[in-house]
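Let me begin by presenting the structure, written as structure tokens, before commenting on it.
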Amino acid sequence: MKIIPYIIYLYLIAFHYTILSEIVDIYQITFDLAAVIVGLIAMYRSESVALWFALAAAVVAGSRNPELIPWEILLLGGTAVVVNQVSLRVNLESIASRLFIIGGLVFVHVLAVDLLVSRADVLFSIYRHILPTVLYSLVVLWILFLIIDKKLTWPKIKSLF
């Protein structure tokens, strides 16, 4: 197992939370990069790799608010194990199944963090913040999966214009 890509992923998560999040956020709709990367690693790697990376990513993601680090560890670690077990039993050939798995992880992560940070009206928070965050993350992931599966290539984009 090579550890350098995982360290780069952790740096990417830290860079996202310190600098990049202000650029890519649309009003209060954010891109949950920590949950997305943990979900992708949990889908394609072993359970032990997914778990230790989720713990490391939780420490990096929780560094914004140190009181949340134990909750981030619990959330990302638990959901990484669940995503890993589900991905072993699901056919990951279709983009829809991959988006559904990662979307569920992002929804659970954003909902739990939002409930821990603010105990305001939960239904309004789901409508105003959580669902748009999940949709934003899924749109970015959909484009990423199209590029990975070679369904969206430069010649195809060039032929449109």
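Rank these for me by crowding, W154, W142, going from fewest to most other beta carbons within 10 Å.
W154, W142
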> What ranking do I3, I13 get, fewest neighbouring Cβ atoms within 10 angstrom at the top?
Replying inline: I3, I13
>> Normalised radius of gyration for the chain, please: alpha carbon Rg relative to 2.2 N^0.38 Å, two decimal places.
In response: 1.06
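If we count other beta carbons within 10 Å of each Cβ, what is the order of I23, I147, I29, fewest first?
In order of increasing Cβ crowding within 10 Å: I23, I147, I29.
Quick note: the coordinates plus some simple rules give every number you see, no bench work behind them. Model, not experiment: these values are computed from the prediction. Please note: Cβ atoms are built from the backbone with ideal geometry, for glycine as well, and neighbour counts cover all protein chains shown.
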